[in-house]
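*Asks:* Quick one: structure below, then a few questions.
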Amino acid sequence: MSAASLSKPAFAVIAEFPSAGALYEAAEKVRDAGFRFWDVHSPFEIHGMNKAMGLGKSTLGYIIFCGGFLGFTTAALLEFIPSSYLFPLIVHGKPVNFYTNPPFFPIMFELTILFSAFTAFFGVFIMNRLPRMHHPLFNYEPFKRVTNDAFFLVIESVDPKFSEIGTREFLEGIGGKEVTLIYAND
Amino acid sequence: MAESDASMTTFVERMPRPPLVWNNHSMAWISDRIAGIVENKAPRWWWVSIAITASVAGFGTFCIFYLLFTGVGVWGNNIPVGWAWGITNFVFWIGIGHAGTLISAILHLCRQKWRTSINRAAEAMTLFAVMCAGIFPAIHVGRIWMIWFVAPVPNPNWIWPNFRSPLMWDVFAVSTYFTVSVLFWYLGLVPDLATMRDRAKGNVARAVYWVLSFGWRGGNRQWRHFDMAYLVLAGISTPLVLSVHSTVSFDFATSVLPGWHTTIFPPYFVAGAIFGGFAMVLTLMLPARSLYKLHDVFTWDHIDVMCKLLLFTGSIVGYAYVMEWFVAFYGANPFERFAFLNRYFGPYWWASWSMFGCNVIMPQLMWVRAFRRNWAIVYFVSMCANAGMWFERFVIFVISLHRDFLPSAWRMYYPTWVDVFTFVGTIGIFVTLFLLFIRFLPMVAMSEVKSVLPEADPHYHPPGPAGEEAVKEVQV
């Protein structure tokens, strides 16, 4: 550790855990200790981890519903404005009115799906503050293994309960290995 | 109660749930094996294969341009057979795609964990199949520069499309299907691209994968939203995939032509699509599995389940064929009766019986477990299904059209060399794209396969005396 890096502000304390089970139990302890700005990192989504971290269900579903509703509305306007006003067609002897609605449904259905899918895709990255070209966690070389087979628990320095010494000791106490202080970028 | 519990325990001990990844491989092994395919040098067979398929694709592209510069007269279509190989190939390719979405969406909602080994490749296959499908409606208009007329946009003639036409529904259904499939596929790819990024040796590769993976970090606060998006995409893709082939079938079912005008078409088309798609997944994945030594990831258990699905959907298709006969007989419509007698005993009898043999008879081999675990038989049956599903569309479209209501309008249909090589060319395009996919992207969803390993369960206890106790605890 060079003198220059010591002068940098701390970003977080990171600890490695040997397995998904160990990470799960550690997450329960961190949750019970009352930390707020922390996360667990794993190569895949660990079943039940939201409960262990005290997180609720993702609110993305409600946003996707709005996206889908927008798609439905778009399709309805896209179909009914031209068909009713701009270019009224009589198909099979049927003008456009309330009783001849059903043939307009397939396109409403498709655009509802399309807009929901776009909302889901972009929503997940916007809610995760991605894309992001760098993150202090990548300053820690072993963090590369998180997408392979390693499990990490990170408590950020912005947490009100954070202290460089105390948090390290706490993570060591709950079974964390290689507990390390990570510095911010600047 | 105690007695039944005891018998339960013995049953579970006797019939443990088979592991999804064989030989107790670690997570690092999965990363090394899958990512290694992309990182290592391309094997010689890959270069040979892509040279062949790219040549075929190139000639197919030449046929497409020949059609565009000359006109649709280079195809064999003529009245009364106005729709022939073009629509046959379109429906064939669209159908192929359905297995990928079924595996990624419907099996996800059903919590079928075995899907993780094949979903990435099957979804990629979906995309490439839909691309091949999209070629045909685009080029069949002849003047492709006018294709924008199908889009509901203002134009100088102030003409708007008819939104009540099944062909218009098709435009929306297929383009939505393609877009949603791309988004679904890419979302699942992001964590694996992050794996590729973290393994990359060179700075350029690392930067490219960084951009492609959006800087994914695998934190649970990210996985939480990711999981919700994945679940919702699966939930909306399920009705979507069922609607796409239903909409395709409406192109025919809403007409008045005997042989087309039936209410059984939507479910019958969807079952056929899934049948043909699973056959194509097996066709592509059996060689890939052997060549890249993925036997422990894509196991015989996976092949077994897929063969059962082939048998199931093939039997639904067989039921639909037989039900069409029955309705033709019971409906007492002379035109309908003629259409079905002509289908099986008319001049194209060979196409109909090939269809019936390949799609209904051959999959019945899959009732036998030993056949489901025999490489040669599984491959033979899946090739039969591929051919049979193409014949099915040919039978439905061309045979129904070549005998018009008045005998004076009867005419045989013969494909031209452009018809044949455009279709062969799309097979080349399809396989070329698939070869590029397995070369440049991880072909198995690494993060998802890791999540179905036993040690991925947070309540897993390693085997040993303590582990056995834990198992008993769960049983009581």
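Here, each number is a calculation from the coordinates, and none is a lab measurement. Owing to the predicted nature of the structure, the values given are computational and were not obtained by experimental measurement. With ideal geometry, Cβ positions are generated from the backbone for all residues, glycine too; neighbour counts draw on all protein chains shown.
*Asks:* Using all C-alpha to C-alpha distances in segment A:129-179, build P(r) with 5 Å bins and read off the rounded percent in each one.
*Replies:* 4, 15, 24, 24, 20, 10, 3
*Asks:* Can I ask one more? Binning at 10 Å from 0, report for segment A:60-127 what percent of all alpha-carbon pair distances ends up in each bin.
*Replies:* Per 10 Å bin, starting at 0, the Cα pair percentages come out as 21, 41, 23, 13, 3.
*Asks:* With no solvent and one equal point scatterer per Cα, compute the Debye intensity ratio I(q)/I(0) for the protein assembly as shown at 0.06, 0.10 Å⁻¹ and report its log10, rounded to two decimals.
*Replies:* The calculated log intensity ratios at q = 0.06, 0.10 Å⁻¹ are -0.40, -1.02.
*Asks:* For segment A:164-180, what does the Karplus curve 6.51 cos²θ - 1.76 cosθ + 1.60, with θ = phi - 60°, yield as ³J(HN,Hα) per residue in whole Hz, taken in order and with x for Gly and Pro?
*Replies:* Rounded to whole hertz, the list is 4, 7, x, 5, 4, 5, 4, 5, 5, x, 9, x, x, 9, 6, 5, 9.
*Asks:* Okay, moving on. For chain B, with the dipole built from +1 on Lys and Arg beta-carbon atoms and -1 on Asp and Glu ones, taken about the Cα centre, which of B:PHE298, B:HIS261, B:MET362 lies farthest toward the positive end?
*Replies:* B:PHE298
*Asks:* Counting other beta carbons within 10 Å of each residue's own, what order do B:VAL444, B:VAL74 fall into, fewest first?
*Replies:* So the residues, fewest neighbours to most, are B:VAL74, B:VAL444.
*Asks:* So, one more: Which distance in nm do the two modelled labels at B:MET131 and B:ILE79 give, with both placed 7 Å along the Cα-to-Cβ direction?
*Replies:* Label at B:MET131, label at B:ILE79, 3.9 nm between them.
*Asks:* If you don't mind, another one. Quick query: amide H of A:PHE11 versus all other amide H atoms, modeled in the peptide plane; which residues come in under 5 Å with a sequence gap of 5 or more or a different chain?
*Replies:* A:ILE182, A:TYR183, A:ALA184
*Asks:* Calculate for chain A the 222 nm mean residue ellipticity that helices alone would give, adding -39,500 (n - 2.57) per DSSP H run of length 4 or more and normalising by residue count, nearest 500 deg cm²/dmol.
*Replies:* It comes out at -13500 deg cm²/dmol, rounded to the nearest 500.
*Asks:* For chain B, how many pairs of lysine residues have a Cα-Cα distance under 22 Å, where the two are 8 or more positions apart or belong to different chains?
*Replies:* Here the count comes out as 6.
*Asks:* So what's Rg/Rh here for chain B, counting alpha carbon atoms and using the Kirkwood radius for Rh? Please report the intermediate quantities before stating the final value.
*Replies:* On the way: Rg = 24.6 Å, Rh = 24.4 Å.
Ratio value, two decimals: 1.01.
*Asks:* For A:VAL91 and B:ASN333, what is the calculated FRET efficiency with R₀ set at 22 Å and r taken between the beta-carbons, to the nearest 0.05?
*Replies:* 0.30
*Asks:* Would you be so kind as to identify which of B:SER181, B:VAL211, B:TRP353 lies farthest towards the positive end of the dipole of chain B, taking Lys and Arg as +1 and Asp and Glu as -1 on Cβ and the Cα centre as origin?
*Replies:* Comparing the listed Cα positions along the dipole, B:VAL211 ranks first.
*Asks:* With a Förster radius of 41 Å, plug the Cβ-Cβ distance of B:VAL424 and B:HIS459 into 1/(1 + (r/R0)^6) and report the FRET value to the nearest 0.05.
*Replies:* E(calc), rounded to 0.05, equals 0.15.
*Asks:* How big is the convex hull of the Cα atoms of segment A:14-151, per residue, in Å³?
*Replies:* Residue-normalised Cα hull volume stands at 164 Å³.
*Asks:* What helices does chain B hold that run 27 Å or longer along their axis, going by alpha-carbon atoms, with a Kyte-Doolittle average of 0.5 or more, using DSSP H for the helix calls?
*Replies:* B:44-70, B:119-140, B:166-199, B:265-291, B:300-330, B:375-394, B:417-440
*Asks:* Amide H neighbours of B:GLY215 under 5 Å, counting only residues 5+ apart in sequence or on other chains, H built in-plane at 1.01 Å?
*Replies:* It is A:ARG132, by chain and number.
*Asks:* Continuing with this model, one more query. Mind jotting down a quarter of the surface of the convex hull over the alpha carbons of segment B:355-442, in square nanometres, one decimal?
*Replies:* In nm², the orientation-averaged hull projection of segment B:355-442 is 8.8.
*Asks:* Sticking with this structure for a sec: Please give the charge dipole size of the protein assembly as shown, origin at the Cα centre, charges +1 on K and R Cβ atoms and -1 on D and E Cβ atoms. Round to the nearest 20 debye.
*Replies:* Using only the charged Cβ atoms, the result is roughly 1160 debye.
*Asks:* Mean-square fluctuation check for chain A, GNM, Cα pairs under 10 Å: which of A:HIS92, A:HIS134, A:HIS47 is largest?
*Replies:* Highest fluctuation of the listed residues: A:HIS92.
*Asks:* OK, next. Can you compute the modelled spin-label distance between A:LEU70 and B:PHE312, with each label point 7 Å from Cα toward Cβ, in nm?
*Replies:* 3.7 nm
*Asks:* Follow-up. For B:TYR66 and B:ARG206, what does the FRET efficiency come to when R0 = 35 Å and r is the distance between their Cβ atoms, rounded to the nearest 0.05?
*Replies:* So, using R0 = 35 Å, E works out to roughly 0.20.
*Asks:* Do any cysteines of chain B lack a neighbour Cys whose Cβ is under 4.7 Å away, and which are they?
*Replies:* Those would be B:CYS63, B:CYS110, B:CYS132, B:CYS307, since no other cysteine Cβ in chain B comes under 4.7 Å of theirs.
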